[in-house]
Amino acid sequence: MSTINPHGKEIFSVTRDFHGKPLTLEVNRVGFRSTASVLVTYGDTVVLGTAQVGSRPIQLDYFPLSIDYEEKFYAAGKISGSRFIKREGRPSDEAILIGRLIDRPIRPLFPKGYRQEVQVVASVLSMDPDFRPDMVAMIAASAALSLTGTPFDGPVAGLRVGRVNGEFKAFLTAEEREASDLDIVVAGIETGVTMVEAGANEVSEEVIGEALEWAFEAYQPAIELQKELVAKLQPVAQEYELVLPNEAVQVEVDQWIADKLGEKLRHPYPERNEMVNELRWAFHEAFTEKLGEEAYTKEVRDEYDEAFTMALHKDVRRGIVEEQLRPDGRKLDEVRPLSSEVGVLPRTHGSSIFTRGVTQGLNIVTLAPLSYSQLVDTMEVNDGERRYMHHYNAPGYTVGEVRRLGSPGRREIGHGYLAERALIPVLPTAEEFPYAIRSVTEIMSQNGSTSMAATCSSCLALMDAGVPIKRPVSGIAMGLMMDGDTPYVLTDIADAEDFAGDMDFKVTGTEQGITAIQMDMKLHGLPVAILKKAIAGAKSGRAFILNHMIETLAQPRETLSPYAPRIEKIKINPDKIGAVIGKGGEVINKITAETGAEIDIKEDGLITVAASDTKNIEKAINWIKSLTEEPEVGRIYEGKVVSIKDFGAFINILPGIDGMVHISQLSNDRVENVTDVLSDGQIVKVKLTGIDERGRLSLSIKAVEE
């Protein structure tokens, strides 16, 4: 389809079927001044992908690429639920996570040394409520980049895949996602996978492998459609220069450092880190003297420093490939020394320290009534609440640097979410454990794999707090180095191996299966077969760490901390919620004031009552029961006479519930007049003998006497 826009350019679109719906990419309809923009439509979801490329290289030592996912509440026909802020402002954690999800498969597809500033924005303009729009946004971002003429080795596509009744499916509805035991995002290019992220309900490595294969094949039509669009539009290749290390400098540095690498640097952390720092200082002193202080300017020093780092990376790879030895002397499948303890902070509800090598995480768990759950306010329809929240903090001192403190960045949010996702499958339900749970990991020291330290420490702290999780969860970070077609899988990677490697991936799970995965490639895609091998290789390392954790604390404590609030629950008929709340909240406010308890009421009739004193909880629950109790046939009640008639009397047996005692049921003796036996306001015992089809209650005093 084509037509002409107001600026004389042809509006062009391409379409093909994609999992049961037409996927359409359209250009030149909007975004006239951007480097490239593509309007992507799938079902009722419409996402605008824009890519803007800077006009000149930026003088930075990294690729200045930013990718953002923009939630627009109007896309779902919503106004923000915030009382004070209605304009979209700071992106939600969910939007940040999706932005990272789009960024991770795209970033490694640019050549090393590319320094043009590139900004990609995926804005959701219309949202089909039947499925999540994140993968449509990924296609929009990739399509826009593919039309910029930059050296982007795409296009990229991805799918969020679930498994319902043993069958894999993409674009699941909310109900299908709820029923699925797997939520996995697989993204990549035509020839391989560049990113994987998953949450799972303790599924096997084999199931994950099958999902990777299914998704890789299933996203190919979106790749082909983008290639068709590029072929039609023929974008002009942009001129650029790569900022690469000077080969002569690299040779010079390699010669200086050659006899100082290898076995001489193979020491456990942190000794190795200190030795590398000392060697780096000696290196710069030597070249300052060799070239002269005036010639060894900051720019020259930076160039030599980069060559020094590259020499270290090459030495790490050489040791692993040629000798199967790692920078700290470990074997490829060896885990760093482990240490952990629980109950380390006296006044918190649960706490733990988990240490792996130099990486260390302190975790603190806090319990509160369900009313403290976090309300999630996003453009998606099913916002709901977060009852379990994991937050991750890693200040500058954890890597030996001076940094300004501030709000968490994208990395911190991503690491916290991964650790949160790892534990969700084993948490008790709100009915089983009516608490809101906040888990905070304070990283104490970093040397690789902090998100997995957060996972392990949070699991131990949850058990220390007495949260009845189903089974303990451990996590491990793995690495991969490719030597030609030969993969070398590394267990429990440290920073040096992460920087020098081709892929890092994290796997969490219980003894029964996987609960979360995150895989990031630095290569331009890897075959599924290699990814399956890497995932299988993580199983033994994960089990080793789990055994260590069980030695520290094998199961949740039987009792809560004395400083945690006591919470009891009661389930009532949802139709009775109004009786508990009362007009304008009058009743529930009175209960709260007189008992001192916090009361939280859910729409399904689940009521939780929290207080520091169990007597106050019992008092509040009995009060609620008196307001919501359902009449039970055969039960004896103490009621109040509220009305007397010639044929009998009406007795109030429960709040708002009256029944009738017929004159024949007043006594075993004959009664001529009801007033001979009863008077208004009299308290009597009656037995509920029946409830008719219209809900009318039949009471009997005679049955009580009998």
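A short reminder: the numbers here are calculations on the coordinates, not readings from a lab. Model, not experiment: these values are computed from the prediction. Quick reminder, even Gly has a Cβ in these numbers, built from the backbone with ideal geometry, and neighbours come from all protein chains shown.
Determine the distance separating the Cα centre of region 507-545 from the Cα centre of region 442-469; give it in Å without decimals.
Answer, in whole Å: 19.
Would you mind ranking Phe647, Phe63 by Cβ crowding within 10 Å, fewest neighbours first?
Numbers: Phe647 11, Phe63 17.
Sorted ascending by nearby Cβ count, the order is Phe647, Phe63.
Starting at the first residue of region 407-420, write each ³J(HN,Hα) from the Karplus equation 6.51 cos²θ - 1.76 cosθ + 1.60 with θ = phi - 60°, in whole Hz, x for Gly and Pro.
6, x, x, 4, 5, 4, 5, x, 5, x, 5, 4, 5, 5
At R0 = 22 Å, how high is the FRET efficiency between Arg347 and Ser371 if r is their beta carbon distance? Nearest 0.05 is fine. List each step's numbers first, then the result.
Details: r = 22 Å, r/R0 = 1.01.
After rounding to 0.05, the efficiency reads 0.50.
Determine the distance separating the Cα centre of region 602-660 from the Cα centre of region 189-203; give it in Å without decimals.
Distance between centres, Cα-based: 54 Å.
Kindly state, to the nearest 0.05, the FRET efficiency for Gln119 paired with Ala237, given R0 = 25 Å and r defined as their beta-carbon distance. Mind showing how you got there, number by number?
Working: r = 20 Å, r/R0 = 0.78.
It comes out at approximately 0.80.
With angles folded into 0 to 90 degrees, how steeply does helix 528-552 sit against the dominant principal axis of the chain? Use alpha carbons for both and round to 10.
60 degrees
Can you list the GluC sites (Glu not before Pro) in region 586-652 that are in a DSSP coil and have 13 or fewer other beta carbons within 10 angstrom?
Details: sites: Glu586, Glu594, Glu598, Glu603, Glu618, Glu629, Glu632, Glu638; in loops: Glu603, Glu629, Glu632.
Passing both the DSSP loop test and the Cβ count: Glu603, Glu632.
Fewest first, what order do Met389, Met138 take by the number of other Cβ atoms within 10 Å? Each step should come with its number before you reach the end.
Details: Met389 17, Met138 32.
Fewest-to-most ranking of Met389, Met138: Met389, Met138.
Please state the charge dipole magnitude for the chain, taken about the Cα centre, from unit charges on C-beta atoms (+1 on K and R, -1 on D and E), reported in debye and rounded to the nearest 20. Present the calculation step by step, with values, prior to reporting the outcome.
Working: 77 positive and 106 negative charges, 245 e Å.
Rounded to the nearest 20 debye, it is 1180 debye.
Using helices alone, what [θ] at 222 nm do you get for the chain, with -39,500 (n - 2.57) per DSSP H run of 4 or more residues, divided over all residues and rounded to the nearest 500? Could you put the intermediate results ahead of the total?
Numbers: 16 runs with 213 residues, N = 706.
-9500 deg cm²/dmol, from helical runs alone.
Out of all DSSP beta bridges with both ends in region 620-706, state the antiparallel percent to the nearest 5. Mind dumping the intermediate values first?
Working: 20 of 22 bridges.
Around 90 percent antiparallel, to the nearest 5.
Remind me, relative contact order of the chain in percent, using alpha carbon pairs under 8 angstrom and six or more residues apart?
Working: 1478 pairs, mean separation 71.8, N = 706.
With pairs under 8 Å counted, the relative contact order is 10 percent.
Through the Karplus equation 6.51 cos²θ - 1.76 cosθ + 1.60, θ set to phi - 60°, convert the phi angles of region 295-307 into ³J(HN,Hα) values in whole Hz; use x for Gly and Pro.
7, 8, 6, 4, 5, 5, 4, 4, 5, 5, 5, 5, 5
To the nearest 0.05, what FRET efficiency results for Glu558 and Ser66 with a Förster distance of 56 Å applied to their C-beta separation? Please list the in-between numbers first.
Numbers: r = 50 Å, r/R0 = 0.89.
Rounded to the nearest 0.05, the efficiency is 0.70.
Using only Cα atoms and rounding to the nearest 10 degrees, what angle (0 to 90) does helix 247-257 make with the longest principal axis of the chain?
Computed tilt is about 80 degrees.
Hey, rough spin-label estimate for Val251 and Glu176, points 7 angstrom out along Cα→Cβ, what's it come to in nanometres?
Going by the 7 Å Cα→Cβ label model, 5.9 nm.
Which loop GluC sites (Glu not before Pro) in region 226-296, with loop taken from DSSP, have no more than 12 other Cβ atoms within 10 angstrom of their Cβ?
Values: sites: Glu228, Glu239, Glu241, Glu247, Glu252, Glu263, Glu271, Glu274, Glu278, Glu285, Glu289, Glu293, Glu294; in loops: Glu239, Glu241, Glu293, Glu294.
For GluC sites (Glu not before Pro) across region 226-296 that sit outside H, G, I, E and B with at most 12 neighbouring Cβ atoms in 10 Å, the list reads Glu239, Glu241, Glu293, Glu294.
Please compute the length gained on full extension between Ile636 and Ile85, using 0.36 nm multiplied by the number of residues separating them and subtracting their Cα-Cα distance. Numbers along the way, then the final one.
Numbers: separation 551, 0.36 × 551 = 198.36 nm, distance 5.47 nm.
Going from the current span to full extension adds 192.9 nm.
Give me the number: length gained by fully extending Asp153 to Ala703, i.e. 0.36 nm times residue separation minus the C-alpha to C-alpha distance, one decimal in nm. Could the numbers behind the result be given before it?
Details: separation 550, 0.36 × 550 = 198.00 nm, distance 8.63 nm.
Separation in residues times 0.36 nm, less the Cα-Cα distance, equals 189.4 nm.
Would you please give the residues with an amide H less than 5 Å from that of Gln238, counting only those at least 5 places away or on a separate chain, with H modeled from the backbone geometry?
Excluding prolines and chain starts, which carry no amide H, the hits are Thr150.
Contour minus end-to-end for Asp17 and Gln512, with contour as 0.36 nm per residue of separation and end-to-end as the Cα-Cα distance? List each step's numbers first, then the result.
Working: separation 495, 0.36 × 495 = 178.20 nm, distance 3.82 nm.
Roughly 174.4 nm would be gained on extension.
Express as a percent, rounded to the nearest 5, the fraction of DSSP beta bridges in the chain (both residues included) that run antiparallel.
Numbers: 128 of 142 bridges.
Counting DSSP beta bridges with both partners in the chain, the antiparallel share is about 90 percent.
Could you tell me which of Ala140, Gly690, Asn201 has its Cα farthest along the dipole of the chain towards the positive end, charges placed at Cβ (Lys, Arg +1; Asp, Glu -1), taken about the Cα centre?
About the Cα centre, the residue reaching furthest to the positive side is Gly690.
Between [x] 28.1, 103; [y] 24.5, 78; [z] 32.6, 124, which entry matches Rg and Dmax of the Cα atoms in Å as derived from the coordinates of this structure?
Of the labelled values, this structure produces [z].
Near Lys569, which aspartates and glutamates are there with a Cα under 12 Å away, not counting those fewer than 8 places off in the same chain?
Of all the aspartates and glutamates, those that pass the test against Lys569 - Cα under 12 Å, at least 8 places apart if same chain - are Glu431, Glu432, Glu598, Asp600, Glu618.
Cα to Cα, under 22 Å, and not fewer than 8 places away if on the same chain: which lysines meet these conditions relative to Lys576?
Counting by Cα, and skipping residues close in sequence, Lys576 has these lysines nearby: Lys590, Lys602, Lys619, Lys625, Lys640.
Hey, which lysines would be in cross-link range of Lys9, C-alpha to C-alpha under 25 Å, not counting anything within fewer than 8 residues on its own chain?
Qualifying lysines at Cα under 25 Å: Lys227, Lys232.
Karplus couplings for region 87-96 from phi (6.51 cos²θ - 1.76 cosθ + 1.60, θ = phi - 60°), rounded to Hz, Gly and Pro as x?
6, 4, x, 4, x, 5, 4, 4, 5, 5
Angle, helix 205-218 long axis vs. longest principal axis of the chain, Cα atoms, 0 to 90°, nearest 10?
It is inclined by approximately 70 degrees.
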